[in-house]
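Okay, handing you the structure first.
What follows is calculated from the coordinates using simple rules that are stated; it is not laboratory data. For clarity, every value in this text was computed on a predicted model and none was experimentally measured. All Cβ positions, even for glycine, are placed from backbone atoms using ideal geometry, and neighbour counts span all protein chains on display.
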Amino acid sequence: MTDADWRRLDRAVDGRVRRPGEAGFRDSSRPFNKRFAGITPSGVVSVANTEDVRRAIEWARDTGVDVVARCGGHSYAGHSVNTGLVIDLGAMNTVSANGSTGLVTVAGGARMADVYAAVQPHEMAFALGNGASVGIAGLTLGGGCGATSRVHGLTADALVETTLVTADGQVLRCDANTNPDLFWACRGGGGGNFGVNVSFTFQAKPVADCAGYLLLWDRADAPKVFSVLQEVSRQAPDEFATRIGISKTGESKGIVSAIGQHFGSAEELRGILAPVLSAAQPIRADIADRTFWEAKDDLLHETSEGAFAVRTNIVTEPLSEEAIATMLSCVDRYPGSGNPDGGGAALFSWGGAINRVGATETAFAHRNALFLLSMDASWAETDEPAVVDANLGWLADLADAMSPYVSDGAFQNFIDPDLADWRNAYYGVNYPRLKEIKERVDPDGVFTFAQSIGS
């Protein structure tokens, strides 16, 4: 690869090409997960429009340079950066919302904050993640879930149309009637597999006031909290959502938490939560009526700066007392690190509208879940290698210990570079069809990375 090749790309696009050492290079290529901070692209093209994307893909094919697309840069496995060419869509972030039809059209580089800003004046929304800087593209293509998913379904379930640039430079509009196979694949088939999605259109729904809550308990109450709150969630209406977690940092005993919202009044919410509130007295209990937008802000969360790893499993039945005890015992042994996020485990309530879609109706196959189990470890960039190894070893041990109690499914949005049987875990029965579509739209494997469809 020569400087002349890079200058040719720069002349071909309306956006800007940046090379290592140039102003703005790191900001346009830095992965969110600092575990992969050492990966440096040969160049970044910050595209201005769809034609820039098409020309960048054409240039990458002509020169033989590996290419990946980057929206929010939040790939847990660092797949939004490589050592070749990164197509940075950050400048393509326009969002338009039609309050009459409920249709929301989002450019491929937009982030959650951009989408929320556009839909709030119309008092409508669809399922979105809890991180303001998360990109819409990766969220949607992996399925996408949030606190409203038991009512609104997945982010991908709200998708009615997407446009993407394929490996051969075609700009394809995809919906239920036009390129339906590719549209199907883009609803849960994972980001970066089939092309570069430059536009998404979603069907939003009206939102209403709700109630939000944050509950904290001491570690000693963890067995009761997990046991009772799982049953509360199982019996609760779809309008109720929860995240039940235990986290630990260093020598601390750990803290147990439950956070979520309910599409109803705070009085109704207290009634739903009454079994767990009576089973274990919280050290903090905030339950209050909220506007939808206040509740959304309460749930916003950004992982601390640093490196992390996450393992997930789909949970189809409440965890038994034995399973809970196993999980808590493992968390108690968390080795610590320099990252304030520490390590832990959490159950996210799924079901409801998510499960009213068939496993093969979209590429997202996890349609029988009661919870998503997420287990995580984090460390600081300044931590010694031994600390990193201890955290990764602890996380692997936790996942292995929990494997008898959960299904073998895993969540493709929380993509895990250490997961061996990822094809079945992420895509299950849908993998053969996804592979066939991949071979048809990208036969030369232009969009190939670890854990890409067909690899």
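Can you give me the Rg/Rh ratio for the stretch 3-88, using Cα atoms for both radii and the Kirkwood formula for Rh?
Numbers: Rg = 11.9 Å, Rh = 12.7 Å.
When Rh is taken as the Kirkwood radius, the ratio is 0.94.
Among the GluC sites (Glu not before Pro) within the stretch 236-343, which fall in a DSSP loop and have no more than 14 other Cβ atoms within 10 Å of their own Cβ? Intermediate results must be reported in sequence, preceding the final value.
Working: sites: Glu239, Glu251, Glu267, Glu268, Glu294, Glu302, Glu305, Glu321, Glu322; in loops: Glu239, Glu251, Glu302, Glu305.
Listed in order of number, the matching sites are Glu251, Glu302, Glu305.
Then there is this: May I ask for the distance between the Cα centers of the stretch 1-34 and the stretch 378-455, given as a whole number of Å?
28
Report relative contact order for the stretch 1-131 in percent, whole number only (criteria: Cα-Cα under 8 Å, sequence separation at least 6). Don't skip to the end; give the middle numbers.
Numbers: 234 pairs, mean separation 27.7, N = 131.
Relative contact order comes out at 21 percent.
Where does the stretch 252-291 land on Rg(C-alpha)/(2.2 N^0.38 Å)? Present the calculation step by step, with values, prior to reporting the outcome.
Numbers: Rg = 11.5 Å, N = 40, 2.2 N^0.38 = 8.9 Å.
Expressed relative to 2.2 N^0.38 Å, the Cα Rg reads 1.28.
Moving on to the next point. Run the reach check for Lys435 against aspartates and glutamates, Cα to Cα strictly under 12 Å, same-chain hits fewer than 8 apart removed. What comes back?
Asp181
What are the trypsin sites (Lys or Arg not before Pro) within the stretch 240-329 that DSSP puts in a loop, where the Cβ has at most 15 other Cβ atoms within 10 Å?
Lys253
Relative contact order (percent) for the stretch 83-231, with alpha-carbon contacts under 8 angstrom and 6 or more residues of separation?
23
How much of the calculated P(r) for the chain lies past 44 Å, in percent of all Cα pairs?
Tail of P(r) above 44 Å: 10 percent of Cα pairs.
For Val45, what charge total do you get from the other residues with a beta carbon under 11 Å from its beta carbon, if Lys and Arg give +1 and Asp and Glu give -1?
Working: positive: Arg16, Arg18, Arg19, Arg55, Arg70; negative: Asp10, Asp14, Asp52, Asp88.
Around Val45, the charge tally is +1.
If I histogram all Cα-Cα distances within the stretch 310-374 using bins 10 Å wide from 0, what percent of pairs lands in each bin?
With 10 Å bins starting at 0, P(r) equals 19, 40, 25, 14, 1.
Note down the net charge around Ile437, summing +1 for each Lys or Arg and -1 for each Asp or Glu among other residues with Cβ under 13 Å from its Cβ. Mind dumping the intermediate values first?
On the way: positive: Arg187, Arg433, Lys435, Lys438, Arg440; negative: Asp181, Glu436, Glu439, Asp442.
Within the 13 Å Cβ shell, the charges total +1.
While we're on this one: When only C-alpha pairs under 8 Å and at least 6 residues apart count, what is the relative contact order of the chain, in percent?
15
Where both partners of a DSSP beta bridge lie in the stretch 3-88, what percent of those bridges are antiparallel, to the nearest 5?
Details: 3 of 11 bridges.
Approximately 25 percent, going by the DSSP bridge assignments.
Taking a ≥ b ≥ c as the square roots of the eigenvalues of the Cα gyration tensor of the stretch 90-218, is the shape rounded (a/c under 1.5), prolate (a/b larger than b/c) or oblate? Write out the running numbers ahead of the final one.
Details: a/c = 1.88, a/b = 1.61, b/c = 1.17.
In terms of gyration-tensor shape, prolate.
Here's a follow-up. Run through the stretch 20-65 and list the trypsin sites (Lys or Arg not before Pro) located in a DSSP loop whose Cβ has at most 14 other Cβ atoms within 10 Å.
The qualifying sites are Arg26.
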